[in-house]
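Worksheet for the structure shown next.
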Amino acid sequence: MARIAGVDIPRDKRVEVALTYIYGIGLTRAQTILAKTGVNPDIRVKDLDDGDVQKLRAATESFTIEGDLRRQEGMALKRLQDIGCLRGRRHRMSLPVRGQRTRTNARTRRGSRKTVAGKKK
């Protein structure tokens, strides 16, 4: 199992797809990395030789990935919450941030439905 940026990438997948298991690397960035290093995107991770793995490690170091990226995103959210802007307050209350309706829908953000007993007339 190849280890890149502190992540064990799966052995039986194509290199192009296996790189996407690293937080901060999607398919487009994986293709860019492979083009820059000259590694064939169609071979499997188990078939990579040590030189190719070293090239991939060196190429991924130029990007902000894994722990640094998570920390950076967390700090951005914390800044919004600290200054008390609307986006920060919505994040703190676990509500949709980008203007979606909440009377219905928004179940992913708000959680599962909790039934409330109806009023007596």
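Table for the structure above
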read-out	value
Residue exposure sequence - T37, T108, T60 - by fewest surrounding Cβ within 10 Å	T108, T37, T60
Mean Cα-pair separation over length for the range 1-87, i.e. relative contact order, pairs under 8 Å, 6 or more apart, %	29
Dipole magnitude (debye, nearest 20) for the chain, charges at Cβ of Lys, Arg, Asp, Glu	2000
Spin-label pair R70/Q54, simplified geometry with 7 Å Cα→Cβ offset, distance in nm	2.9
Shape parameters for the chain, alpha-carbon atoms, Rg then Dmax in Å	21.3, 77
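Laboratory data are not the source of any read-out in this text; all were calculated from the coordinates shown. Keep in mind that what you see is a predicted model, and the values were worked out from it rather than measured. Please note: Cβ atoms are built from the backbone with ideal geometry, for glycine as well, and neighbour counts cover all protein chains shown.
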